[in-house]
Amino acid sequence: MPPQYDPTEVEPRWTRTWIERGYFHAEAPSDRPPYCIVIPPPNVTGRLHVGHALGRTIEDTLIRRARMQGFEACWIPGTDHAGIATQVVVERALREEGIDRRELGREAFVERVWSWKEQYGGEIVEQIKRMGASCDWERERFTMDEGLSRAVRAAFVRFHEAGLIYRGERLVNWCPTDRTGLSDSEVEHEEVEGELLTFRYFLTEGSGSIQVATTRVETMLGDTGIAVHPGDDRYAALVGQTVTHPFDGRQILIVADHHVDRDFGTGAVKVTPAHDPNDFDIAQRTGLPLMNIFEADARLNDAVPAEFRGLGRYEARTAVRDALEAKGLLVKEERPYVHSVGHCYRCHSEIEPWIAGLQWFVKVSGLAGAAKEAVLDGRLRFTPERWQGPFVAWLDNLRDWNISRQLWWGHRIPAWYCPDGHVTVATEDPTACAGCGSTELTQDPDVLDTWFSSQLWPYSTLGWPDDTPELSFFYPNAALVTGYEILYLWVARMVMSGLFLVGDVPFHDVVIHGLVRDQQGRKMSKSLGNVIDPIEMIDRYGADALRFSLARAATGGQQDIPLSEEGIEAGRNFANKLWNAARLVLRAFPGGAPTPPPPDRLTLPERWLLSRHQACLVAVDAALDEYRFADAALALHRFVWSELCDWGLELEKGRLHGTDAERSDATQVLAWILERTLRLLHPTMPFVTEEIWQRFGIGDSIAIATWPSSRPQQADAAAEASLTALQEIVTAIRQFRAQHHVPTAHRLEITVGVPDSEQAALRDLSERIGKLTGVSTMAIIPGDSPKAEGVVRIGVADGFVEIPIAGTIDLDAERARLSKRLAEVDRDLERAGTKLANEGFRTKAAPEVVVAEQDKVTRLGVERDQLFAQLGELG
RNA sequence: GGGCGCGUAGCUCAGCGGGAGAGCGCUCGCUUCACACGCGAGAGGUCGCAGGUUCGAAACCUGCCGCGCCCACCA
């Protein structure tokens, strides 16, 4: 084994081998219990970013552990066609060739997207493989492949038959850049600094006027009414009258509607039904007409006066303002005026509420009840739990889901129309109208929201709508791992549709992780230059390093996850540490299954290591069972580095260099511990653990080895106590050396006092301790022996260390050390004294706490006397 | 407007009733026979602020201040 672990050589080899040998393939049905996770399908044209890397790390940790625990572990990978995102990417590429999508025509364009997908798509799949993800690649799916397309149609038809999908003309969230409608969930609201203008409309009859306020003054060109509150005395007389539009002379009716807030602004609202959802509702209630003033690209259309036609919405805003001012109608301008504006989640353009013709909607409220019930009765659990509240609140406030997208890339809506206006909805392309038998059918030109197919993912990938063995065996999935940003967009819809279409929740546990950010908590963005490219990190430090650092950072407490290159470097160092521990342990290991010697041949460090290893296992199991990945990583790091390497191996080196029998015993027990630790670590760091594990020659792959079982009998409190005492002795000597600048070359002759019960163990290890501390001879005497002459005595638990003064110590340094310790002792004594003097404490605190405090006083008192004596000796 | 999370060592975070921890960074010393991607020692903290509960609070409660996020038909 080389002294440095080299992931660049190891990782590609194992990635290939694991897949070739089919370890990750799962069968259904199986004698083993099922454990299934689906990957949140990334966009085909996407590249792996750290957010994906985090999700995949978590999923792989769960899946690999489940596989080792004996589950039929199935992790289904795949990609999403991602309607808008992909279409936009391909459109941009075409534009660079000077081609417009509309010139190309629908069919040719869609073909181009497919070939784009074949050529450039799927890179992300290769990147996921590089992470070591143990997906069942034989089950890889794409949301637009044949089977999943069938599932989409089946779902649409079933929803439609149940009356949960309908067609209607409503205002939709229109993105003028992508030229498509969006669902409410795809609109991101953001505070912007805008303006609030107040202007006046003159009454048609008489000379009176009414003032209205707006943040979007250009929409007044499409005003068809003014609304006031029905109980508002100020305007009661005006309801039913009209005002005259200043630019085109239209008569606009003043109506009463409860929606109006009397206290806001002037208490009168301009009503633009075709361009504002509230106004649309008011118009529905009061019968005001709709007047559309925008083209699809948010330029003013021919419905507006000639002077404004063709202006973009922002130009129009200024133009209308100026025109109002010119007519003396502008009353007030407030600027900046902060308010919330919806933006497209893909291109970030401002959303334009617009009537985009007949659209298909899912009546989600009809599905929400069952989803809420599943949460409340515990079939669906959230980790962290705090997401349950927002999830239920969201379900309680659902509006219908617009699923029509005016795009070409996606699942075409399975609805056909005949010239008489009948609608035929079917899973197979119909030959005749279901209403009148007409053969003149045209399919709806729109495609479905990309999330319509994503919501089917946990069961469409298992073969739904067919009743496949996979579906009955692996559904519901064990867990779903995702970021909170798509909780509503995706997770909620999977739950609702799964309950309705399949009859059960799609998964039991929703594991929600934060957004990966940089170390200052900023979002990673190209413009900030703080993007960490996971593939670059894998190249530089290895996949295990990246995975470990992500797991280590993914604590439950905070909302987001800070990641830095230094953190990944630390992961790399850890992999190397493990590698070197293995080098040491396996140097004399003959191979085969490690067999620890019988208990009576175990040394103290060995019993201690077994005990610590058991504690580590318990901690790792508990942490992973509860999705506390950081805690699991931390426990393993602590055990391997601080316990196994810093103490265990250091103390065992004597035996590793000892007689054949000693070496054999030590190697076997250390190898036994190491091998089990590798298995515990394998789900988090698959590559380095596999590479080391191969040295044992006990199986084909650690990936299909058995998860270590708990050995409670190995917990050894006595060994832990003894070793802690020993650590104190070693540390005391090292501290002394450092404080007095005693070079290691200067061998010390010391005396150690310990209770009789500890003497044998200490004697066994004295040589090793000597090596660790530069001590040549170590006399061992009872812990209560009086202090010798001419030595410095350092107190440790139940004993002391005595180091001769002659030739070793720096008197000033020693005085400083003693004084400092004395100050600490005094402070602690005073604290404890006050506490014990408090009657409340003595009577109300737990008795053992009081006793511990009294013991402390006794102990500190003795130490204080000794410190004084030594200070006196030094003069 | 409603809700959530977070303010603990220079940085990132654990701790969540018995008087404070890790990793990284920093300082000092080490070619100690696995590892300098290392070993040893050390410095560094009125645990955001103010009240309250308690014998005892970083931890529990209330209020305030700061930072971040989610939801909402704030004309």
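List of remarks:
- Contact annotation: no residue pair with Cβ atoms under 7 Å, 6 or more positions apart or on different chains, pairs a residue in segment A:565-579 that is touching a residue at least 60 places away in the same chain (Cβ under 8 Å) and within 15 Å of residue A:634 (Cβ to Cβ) with a partner that is of a type in the set (D, E, K, R) and near RNA strand B (Cβ under 7 Å from one of its atoms).
- Selection of segment A:756-787 for residues being among the small types (Gly, Ala, Ser) and under 25 Å from residue A:862 (Cβ atoms) yields A:757, A:761, A:779, A:783, A:785.
- Check on residue A:320, over 18 Å from residue A:176 (Cα atoms) and within 15 Å of RNA strand B (Cβ to nearest atom): yes
- The residues of segment A:557-584 include none that are surrounded by fewer than 15 Cβ atoms within 10 Å (Cβ to Cβ) and more than 6 Å from RNA strand B (Cβ to nearest atom).
- Of the residues making up segment A:853-875, just one is within 30 Å of residue A:791 (Cα to Cα) and within 10 Å of RNA strand B (Cβ to nearest atom), namely A:856.
Residue-wise test of (1) without any contact (Cβ under 8 Å) to a residue 60 or more places away in the chain; (2) surrounded by fewer than 21 Cβ atoms within 10 Å (Cβ to Cβ); (3) more than 24 Å from residue A:403 (Cα to Cα).
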site	(1), (2), (3)
A:53	no, no, yes
A:66	no, no, yes
A:86	no, no, no
A:107	yes, yes, no
A:111	yes, yes, no
A:117	no, yes, no
A:124	no, yes, yes
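- Among the residues of segment A:67-96, the one identified as outside any helix (DSSP H, G or I), among the charged types (D, E, K, R) and over 20 Å from residue A:178 (Cβ atoms) is A:72.
- Verdict on residue A:261 being outside any strand (DSSP E or B) and either over 30 Å from residue A:402 (Cα atoms) or within 13 Å of RNA strand B (Cβ to nearest atom) (or both): yes
- Here residue A:844 passes the criteria (1) within 29 Å of residue A:758 (Cβ to Cβ); (2) of a type outside the set (Asp, Glu); (3) free of Cβ contacts under 8 Å to residues at least 40 places away in the same chain except the one numbered (1).
- The single residue among A:326, A:393 that is within 11 Å of RNA strand B (Cβ to nearest atom) and without any contact (Cβ under 8 Å) to a residue 12 or more places away in the chain turns out to be A:393.
- When restricted to residues that are near RNA strand B (Cβ under 9 Å from one of its atoms), closer than 16 Å to residue A:605 by Cβ and surrounded by fewer than 19 Cβ atoms within 10 Å (Cβ to Cβ), segment A:722-747 contains 2.
- Scanning segment A:328-362 for residues that are within 30 Å of the chain's Cα centre (by Cα), surrounded by 15 or more Cβ atoms within 10 Å (Cβ to Cβ) and over 15 Å from residue A:406 (Cβ atoms) yields A:341, A:342, A:343, A:345, A:350, A:362.
- Answer residue from segment A:843-852, given it is more than 8 Å from RNA strand B (Cβ to nearest atom) and not aliphatic (A, V, I, L, M) and is nearest to residue A:800 (Cα to Cα) among those: A:848
- Positions within segment A:589-609 being surrounded by fewer than 16 Cβ atoms within 10 Å (Cβ to Cβ) and either near RNA strand B (Cβ under 7 Å from one of its atoms) or more than 26 Å from residue A:727 (Cα to Cα) (or both), in sequence order: A:590, A:591, A:592, A:593, A:595
- For the residues A:146, A:195, A:190, the requirement of being over 16 Å from residue A:363 (Cα atoms), within 32 Å of the chain's Cα centre (by Cα) and within 11 Å of RNA strand B (Cβ to nearest atom) singles out A:190.
- Condition broken by residue A:719, with the remaining ones in (1) at pLDDT 90 or above; (2) surrounded by fewer than 17 Cβ atoms within 10 Å (Cβ to Cβ); (3) in contact with a helix residue (DSSP H, G or I) (Cβ under 6 Å, 6 or more places away or on another chain) satisfied: (2)
- Qualifying residue in segment A:665-688 (condition: of a type in the set (A, V, I, L, M, F, W, C), buried (at least 23 other Cβ atoms within 10 Å of the Cβ), away from RNA strand B (no atom under 16 Å from the Cβ) and under 21 Å from residue A:570 (Cβ atoms)): yes
- Checking A:809, A:781, A:803, A:750 one by one, the residue that is among the β-branched types (Val, Ile, Thr), surrounded by fewer than 19 Cβ atoms within 10 Å (Cβ to Cβ) and more than 14 Å from RNA strand B (Cβ to nearest atom) is A:781 and no other.
- Flag if residue A:638 is over 24 Å from residue A:509 (Cα atoms) and either modelled with pLDDT of 95 or more or away from RNA strand B (no atom under 11 Å from the Cβ) (or both): no
- Some residue of segment A:132-149 being farther than 30 Å from residue A:57 by Cβ, out of contact with any Gly (no Cβ under 6 Å at 6 or more places or on another chain) and either at pLDDT 95 or above or not hydrophobic (A, V, I, L, M, F, W, C) (or both): yes
The values are calculated or read from the model by the stated rules, or taken from the named source; none is laboratory data. Here the structure is a predicted model, which means the values were calculated and not measured. All Cβ positions, glycine included, derive from the backbone under ideal geometry; neighbour counts span all protein chains shown.
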